[in-house]
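Structure first, commentary second.
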Amino acid sequence: MTEPINILICEDDYLTLKALEHTLRNAGYSIFLAKDGKEARELLSRGNIHVLLTDIHVPYFSGLELIRYVREELDSPIPVLVLSRVGLEDTIMHAFELGANDYITKPFNPGDLLLRLKKMMSQEK
Amino acid sequence: MQVAGTDERFVLEMLKYFVQNTPVVLQRMKNYCREKNWNDLAAELHKFAPGLSFLGITSVEEKIRRVEDCVSEGVMHENLPRLMEEIDQMGTEVVNVLKEDFSL
């Protein structure tokens with residue numbers, strides 16, 4: 001039996017959060033939810049998260065600060081996928097500079113999201 | 001709603017949340033606009049728009065983008081009250097239609 005892949009979703013918009021959870025649970029992933037950066041940091045610090053999926057604009061610690069936390073403080077290589085609305089190209093570039101692996105725009109296409117996740121995880125191996 | 005596929009229960013859960021939450025959000029946005037609190041208005045709009053997209057309500061989203069443009073460019077917000085009024089009317093109408101069509 002293979003170990004489940006734990007994905008942490010950090011998103012403060014309820015509809016987006018539930019849509020992401022629904023898509024990823026149906027695809028067989030194990031899901032952890034955080035509605036702000038503080039909750040996300042707490043979950044990340046436990047060390048059992050395999051992928052971080054984060055919005056840029058979340059309360060307390062932004063998505064960018066979470067990426068910095070993962071790469072610098074936790075020194076973790078886990079794949080990070082950034083969620084963003086269209087038109088925030090500069091911010092997405094900054095996310096890549098901080099160590100994000102990929103991004104997806106909202107509203108997301110479920111097939112596209114799953115493909116990007118698979119690609120990121122295969123590159124990690 | 002592409003995300004939901006054929007899961008009716010999930011669709012209803014999302015619609016119910018939208019119907020319950022949207023009047024509160026619209027009121028908050030009107031307050032921010034009246035108070036000329038552009039930062040909080042922009043943040044509220046930023047959160048509101050993706051939900052509309054998920055539900056396929058693109059007509060309101062277009063107006064939201066126009067308001068966001070006004071706010072981010074820092075140009076005078078003389079059109080804002082009218083745009084906000086239109087967003088409020090459209091949002092309220094969508095909520096009423098959903099309530100009736102889905103008995104929410």
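The values are calculated or read from the model by the stated rules, or taken from the named source; none is laboratory data. What you are looking at is a predicted structure, and each value in this text was computed from that prediction instead of being measured. As a convention, Cβ positions derive from the backbone with ideal geometry for all residues, glycine included, and neighbour counts pool all protein chains shown.
Name the residue, out of A:Thr23, A:Thr2, that is crowded, with 18+ Cβ neighbours inside 10 Å, among the polar types (S, T, N, Q) and over 12 Å from the mean Cα position of the chain (by Cα).
Exactly one of A:Thr23, A:Thr2 is crowded, with 18+ Cβ neighbours inside 10 Å, among the polar types (S, T, N, Q) and over 12 Å from the mean Cα position of the chain (by Cα), namely A:Thr23.
Out of curiosity, is B:Val71 at pLDDT below 90, within 26 Å of A:Ile104 (Cβ to Cβ), within 14 Å of chain A (Cβ to nearest Cβ) and in contact with a Phe, Trp or Tyr (Cβ under 8 Å, 6 or more places away or on another chain)?
yes
Among the residues of segment A:4-19, is any of a type in the set (A, V, I, L, M), under 25 Å from B:Phe54 (Cα atoms), in contact (Cβ under 8 Å) with a residue 40 or more places away in the chain and more than 14 Å from chain B (Cβ to nearest Cβ)?
Checked segment A:4-19: at least one residue is of a type in the set (A, V, I, L, M), under 25 Å from B:Phe54 (Cα atoms), in contact (Cβ under 8 Å) with a residue 40 or more places away in the chain and more than 14 Å from chain B (Cβ to nearest Cβ).
What single numbered condition from (1) within 14 Å of the chain's Cα centre (by Cα); (2) part of a helix (DSSP H, G or I); (3) within 24 Å of A:Glu3 (Cβ to Cβ) fails to hold for A:Phe96?
Status for A:Phe96: all satisfied but (3).
Let me spell it out: the conditions are (1) over 16 Å from A:Leu17 (Cα atoms); (2) at pLDDT 80 or above; (3) away from chain A (no Cβ under 11 Å); (4) surrounded by 12 or more Cβ atoms within 10 Å (Cβ to Cβ), and B:Leu12 meets all of them except one. Which number is the exception?
Unmet for B:Leu12, out of (1) over 16 Å from A:Leu17 (Cα atoms); (2) at pLDDT 80 or above; (3) away from chain A (no Cβ under 11 Å); (4) surrounded by 12 or more Cβ atoms within 10 Å (Cβ to Cβ): (1).
For the structure I just gave you, tell me whether B:Pro23 is modelled with pLDDT under 80 and part of a helix (DSSP H, G or I).
So B:Pro23 fails the test.
Looking only at segment B:38-46, decide whether some residue is among the hydrophobic types (A, V, I, L, M, F, W, C), surrounded by 13 or more Cβ atoms within 10 Å (Cβ to Cβ) and under 11 Å from the mean Cα position of the chain (by Cα).
Yes, there is a match, as at least one residue in segment B:38-46 is among the hydrophobic types (A, V, I, L, M, F, W, C), surrounded by 13 or more Cβ atoms within 10 Å (Cβ to Cβ) and under 11 Å from the mean Cα position of the chain (by Cα).
So is A:Ile78 among the hydrophobic types (A, V, I, L, M, F, W, C), more than 14 Å from every other protein chain (Cβ to nearest Cβ) and part of a loop (DSSP other than H, G, I, E, B) or not?
yes
Do we find that A:Gly37 is surrounded by fewer than 20 Cβ atoms within 10 Å (Cβ to Cβ), away from chain B (no Cβ under 14 Å) and small (Gly, Ala, Ser) in this structure?
Considered against the rule, which asks whether it is surrounded by fewer than 20 Cβ atoms within 10 Å (Cβ to Cβ), away from chain B (no Cβ under 14 Å) and small (Gly, Ala, Ser), A:Gly37 comes out as no.
How do the pairs read when you match residues in segment A:99-125 that are in contact (Cβ under 8 Å) with a residue 12 or more places away in the chain and within 14 Å of chain B (Cβ to nearest Cβ) with residues anywhere that are aliphatic (A, V, I, L, M) and part of a helix (DSSP H, G or I), using Cβ under 7 Å and keeping only pairs 6 or more apart or on different chains?
Cβ pairs passing all conditions: A:Ile104/A:Leu113.
Considering only segment A:52-70, I want to know if a residue exists there that is in a helix (DSSP H, G or I), touching a residue at least 40 places away in the same chain (Cβ under 8 Å) and surrounded by 15 or more Cβ atoms within 10 Å (Cβ to Cβ).
yes
Consider A:Phe96 against the criteria (1) crowded, with 16+ Cβ neighbours inside 10 Å; (2) closer than 26 Å to B:Ala49 by Cβ; (3) away from chain B (no Cβ under 14 Å): it satisfies all of them except one. Which criterion is unmet?
Status for A:Phe96: all satisfied but (1).
Report yes if B:Lys63 is modelled with pLDDT of 80 or more, part of a loop (DSSP other than H, G, I, E, B) and either facing chain A (nearest Cβ under 10 Å) or farther than 23 Å from A:Glu21 by Cα (or both), otherwise no.
Criteria not met by B:Lys63.
Just the residues that are loosely packed, with under 15 Cβ neighbours inside 10 Å, in a helix (DSSP H, G or I) and of a type in the set (D, E, K, R), please, taken from segment A:99-125.
A:Asp112, A:Lys118, A:Lys119, A:Glu124
Does B:Asp88 satisfy being without any contact (Cβ under 8 Å) to a residue 24 or more places away in the chain, in contact with a helix residue (DSSP H, G or I) (Cβ under 8 Å, 6 or more places away or on another chain) and assigned to a helix (DSSP H, G or I)?
When the stated conditions are applied, B:Asp88 does not pass them.
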